[in-house]
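Let me begin by presenting the structure, written as structure tokens, before commenting on it.
The values are calculated or read from the model by the stated rules, or taken from the named source; none is laboratory data. Keep in mind that this is a model prediction, so the values were computed, not measured. Don't worry about glycine lacking a Cβ; one is built from the backbone with ideal geometry, like all the others, and counts go over all protein chains shown. Protein only, heavy atoms only, side chains kept; ligands, DNA and RNA dropped before computing areas. Shrake-Rupley method; radii C 1.70, N 1.55, O 1.52, S 1.80 Å.
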Amino acid sequence: MNMTHTDFNRLSSLFLIIAAVMTWPTQGFAISVSISDNVVVLDSRQRSGEIALLSMTPSPVEFEITPMDLAEGVIDGRDYLRWSPARALVPANRGSPLRMVFRPPADLPPNEYVVRLAVKSRQVDYEPDFGPTPQDDEGPAEERLSAGIAIQPVLPVTVYIRHKVDSPTLTISGFEPAVDDPRSHGHFTARKPPEAISFIGTVALFGADSEQMLTSGRLRMGQTVSETRIRVPRRETEAELSEPVCLHIWPTFPASGEAEQRVCSE
């Protein structure tokens, strides 16, 4: 069974939205920013990629992109990745692309290299308000200092650079029904060898008889993750499953062609 183009179109626009508000002591300031995705996969065939930096703030926002530290044992790939711009001014309620290019040296050993980027943002024309506070009910009015303090949201982006290595094949365990769980019918368990590179793919759950899609999305297992559960969601007041459930897995996101793996519950 294939997933339709429409099914995956809605998956390719993943938005991570953060709104931050801090007040000190009486004035408020809010900034709302977003990125179109937080994962990018590059390899020898697809050496470039991009995401969108989005401002939902009613004034210009400056984005700054800097590298972050990685978990122990993960190979840092920042020497082989170029991103641009390092700093971008995005107009109010607009977006701007952040582009990334993989540039391997001729003698780069086969492996998966990882870059973690911190996308920081700040409103550039924010002016704090300094003024008197209202009269204190317990005493005379006083001149006090008040100011809005803007905090800087930080959104992480992970870039996986695969140089002459392939995505690992997952081992999928049988379906395990949930017992008295109002949010889940049960789960499949996906595993990969501890030494394997990351798996970034697509999963979809279908009713085996009705062929109705129950849920779909990206499956991400980093280098340091060897096992994860893929749950079959259960809506509030929904009855128990009336048919088996089939899990379909593609080794890419978004999915393309036939699923590489298909496992059904009994």
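Report every pair of residues separated by at least 6 positions or lying on different chains whose Cβ atoms are under 7 Å apart, first residue within region 164-183 and under 28 Å from PRO104 (Cα atoms), second open to solvent by 90 Å² or more (accessible area, probe 1.4 Å).
Filtered contacts from region 164-183: LEU170/ARG191.
Can you give me the ranges of the strands (runs of 3 or more DSSP E) entirely in region 29-113 with at least 3 residues that are surrounded by fewer than 17 Cβ atoms within 10 Å (Cβ to Cβ)?
Per the criteria, 48-55, 61-68, 95-102.
Looking at SER173, SER210, which one is hydroxyl-bearing (Ser, Thr, Tyr), in contact with a strand residue (DSSP E or B) (Cβ under 6 Å, 6 or more places away or on another chain) and at pLDDT below 95?
SER173 is the lone residue from the list that is hydroxyl-bearing (Ser, Thr, Tyr), in contact with a strand residue (DSSP E or B) (Cβ under 6 Å, 6 or more places away or on another chain) and at pLDDT below 95.
At least 1 residues that are of a type in the set (A, V, I, L, M, F, W, C) and open to solvent by 10 Å² or more (accessible area, probe 1.4 Å) in each: list the strands (runs of 3 or more DSSP E) lying fully within region 176-235 that qualify.
Working: elements: 184-191, 199-207, 213-221, 227-233.
So the answer is 199-207, 213-221, 227-233.
Evaluate the following for ASP125: is it in a loop (DSSP other than H, G, I, E, B) and modelled with pLDDT under 95?
Judged against the criteria, ASP125 is a match.
Scanning region 114-123 for residues that are under 16 Å from ALA86 (Cβ atoms) and out of contact with any helix residue (DSSP H, G or I) (no Cβ under 8 Å at 6 or more places or on another chain), which turns out surrounded by the most Cβ atoms within 10 Å (Cβ to Cβ)?
Step one: filter region 114-123 for residues under 16 Å from ALA86 (Cβ atoms), giving 115-122.
From the residues that got through so far, the ones that are out of contact with any helix residue (DSSP H, G or I) (no Cβ under 8 Å at 6 or more places or on another chain) too are 116-122.
Details: ARG116: 18, LEU117: 23, ALA118: 14, VAL119: 22, LYS120: 16, SER121: 27, ARG122: 16.
Only one residue fits best here, namely SER121.
Filter region 151-167 for residues that are outside any strand (DSSP E or B) and surrounded by 18 or more Cβ atoms within 10 Å (Cβ to Cβ) and give the result.
PRO153, SER167
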